[in-house]
Amino acid sequence: MNQIKNIKSIFIIALTGALMACNESKWLEEKPFDFYTPGNSYTTTAQFKQSINLLYDNVRNLYFHDSGTGFRIPLQDQGDLYHWPWGYPEADYNNYSAFITSTYSQVQLLWNLCYVGINNANQILYQLEQPNQVSDADKATMRGEALFFRAFLYRTLGHVYGGVPLQLDPVSTPKRDFVRSSRAETYDRCRIDLEEAITLLQDVDKVKDGVASKQAAQHLLAEIYICLEQWQKAIDAATAVISRPDMALMTARFGSRANEPGDVYWDLFRVNNQNRSKGNTEAIMVLQYDFQNSGSSYSNCAPRHFIPQYRSVNVEATNGGTVLGFTTFTAEKGGRGNGYCRPTHFMSHEIWGADFDNDIRNSEYNIVRDQKIDNPAAKGFGQWIVKDGWLRDVDTLDKFYPFLMKVVRVNNFPETSYAKNSDGSPQLTALGEHGLLNSGEAAHASFRDEYLFRLAETYLLRAEAYLGNNQKDRAAADINTVRTRAHATTTPADGSEIDIDYILDERGRELYAEEYRNITLFRLGKFVERSKKYCPTGYYTGDHQNLWPIPFGEIEKNILAEIKQNPGYESMN
């Protein structure tokens, strides 16, 4: 017994001595063996790539996701090309100055989305400098990707809000002393990141579909140089993309449905035609989507916004009164539209000018202006609802207007989207069109990859840079390259017609329903002017709204420094 007591005493004394001699901070240090921290989550190449994938998803979320109304409505409507037809003329987005305030949810959500992505990029950049198992080649590529996405997100913030706080290190603890940079400083940060990124990223022919490349960074850098009024550098950056032998506008029918009636512009937006691996030499960077893949679980819901709510149109019935003109949403019409982004008269008619019947971007395949009534109970069954005079004025706001077919799939929906009869056969309208299920994304998503950048825009960015550099003839040449592909009349070669509004009009014709139009108008300080000129409710747009407000939540919680509100929004804090 005494021997056991002696052993215990020796053990206690030894343990006490060991504890007294140890480094207390080391002894108390937490070792995370069964949960992830930044310290143990960035070790292998695979772990870094998971974080890089989140950057891609972040941008896809900006353009695809449809939480509530997403960002598409406030970043498309009330400018020059689209307006909000619901509750017309005073409700919601029609009254832009009353709706876009510092407490509006989407103003905060866009800010949050960008800064979440920026912090992720900052964490990657920091961890790449710490000890890890990543090869030098992979480190360079991943650093280039992180810099590219950080620049893209700061560019978005700069266009929409103006100067914003610049955070270049990962934030892991509460920070309440942010200070706004100037807009020029925000753009200059993008420039610095992109100038390095182009030295690290691979050429577009060396990367997989959807992966950021040197040419994607050069395209974005051209836009940033324009923002900084560094015209020659913008020209050079765009030229580096345009001059590549493997880059060219698509000028002949191609792809998955080239044997069907249509044109090359229609082909650009058919399923499986967006990527370079499919022969599309116009693609620079394409946001990827795989149906029923958990890595891209949501699709682009642009059809919901741009396609009218045609299912709710009423026409004269055979037995008096009214009846639905269309009995269901169909694959042939592009699915289930809600009519959130209605083309303005400027977009649907004026912008095409004398080329209304020639420009293929306005062809019967790309902008459908009439449909046949498919309800046998309608007096005009089988007739055209517009041409034959059945459309009521009351249904011309959200329920029926020109269909922008570049945003929709036009048939070829996933099999699970189709409505079926009890025997498994497809549900068809009386005119033979295929009905779709009215549930979730089944009938209002595009289910395809989507362009982030394509070469036609690079030409128009270079034209903008040439205009700034007083080289109007060269600006005209770039615009005419785009217009020639569209079979549109070319502008005079001396550039006498070219100004920034001409270029904006051409962007509208080429990139309608594709880019976030209001972001471009904010960038150029033209949103207010063109809203008041072309939007039917533009008189509600405030003179201060060439920028969005800084979210009130960011100002309120930043108690150790001042984040100044954008002019015109101060009283709304």
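Around the amide H of residue 367, modelled in the peptide plane, lie the amide H atoms of 405, all under 5 Å away and 5 or more residues distant in sequence or on another chain.
Of all trypsin sites (Lys or Arg not before Pro) in region 111-202, which ones are in loop regions per DSSP and have a Cβ with at most 11 other Cβ atoms within 10 Å? Each step should come with its number before you reach the end.
Values: sites: 139, 143, 150, 155, 175, 176, 180, 183, 189, 191; in loops: 175, 176.
Loop-located and lightly packed - 176.
A viscosity of 1.567 mPa s and a temperature of 4 °C, combined with the Kirkwood radius over C-alpha pairs in the Stokes-Einstein formula, give region 471-524 a diffusion coefficient of 111 µm²/s. Per-residue Karplus couplings for region 388-400, computed as 6.51 cos²θ - 1.76 cosθ + 1.60 with θ equal to phi - 60°, are listed in order as 8, x, 8, 7, 7, 4, 5, 9, 9, 8, 8, 8, 8 Hz, Gly and Pro entered as x. Full extension of the segment from residue 322 to residue 45, taken as 0.36 nm per residue of separation minus the current Cα-Cα distance, would add 93.4 nm.
In terms of Cα atoms, the Rg and Dmax of region 302-450 work out to 15.5, 51 Å.
Here the alpha carbons of region 254-363 define both size measures, Rg and Dmax, at 17.9, 56 Å.
When 81, 391 are sorted by how many other C-beta atoms sit within 10 angstrom of their C-beta, beginning with the fewest, the order is 391, 81. Counting only residues at least eight positions apart within a chain, or on another chain, the lysines with an alpha carbon under 30 Å from that of residue 532 are 399, 406, 472, 564. For residue 317, the residues whose amide H sits under 5 Å from its own are 322, 323, 379, ignoring neighbours fewer than 5 places away on the same chain, with H placed 1.01 Å from N. The listed peptides 532-541, 337-346, ordered by packing as a protection proxy, come out as 337-346, 532-541 (highest mean of other Cβ atoms within 10 Å first).
Of the GluC sites (Glu not before Pro) found in region 447-545, those in coil by DSSP whose Cβ has at most 15 other Cβ atoms within 10 Å are 497.
Note on region 335-413 and region 244-281: Cα centroid distance 24 Å, given to the nearest whole angstrom. Computed on the chain, with alpha-carbon pairs under 8 angstrom and 6+ residues apart, the relative contact order is 20 percent. Taking a quarter of the surface of the Cα convex hull of the chain gives a mean projected area of 36.5 nm². For residue 82, what residues show an amide H to amide H distance below 5 Å, using hydrogens built from the backbone and excluding near sequence neighbours? Here the answer is 344, since their amide H atoms fall under 5 Å of that of residue 82. In summary, the helical segments of the chain meeting the span-like criteria, namely a full DSSP H run, a Cα extent along the axis of 27 angstrom or more and a mean Kyte-Doolittle hydropathy of at least -1.0, are 2-21, 45-63, 105-128, 136-161.
Readers should treat all values here as calculations from the given coordinates under stated rules, not as data from a laboratory. No experiment lies behind these values; they were computed from the predicted model shown. In this analysis, Cβ positions are derived from the backbone assuming ideal geometry, glycine residues included, and neighbour counts consider all displayed protein chains.
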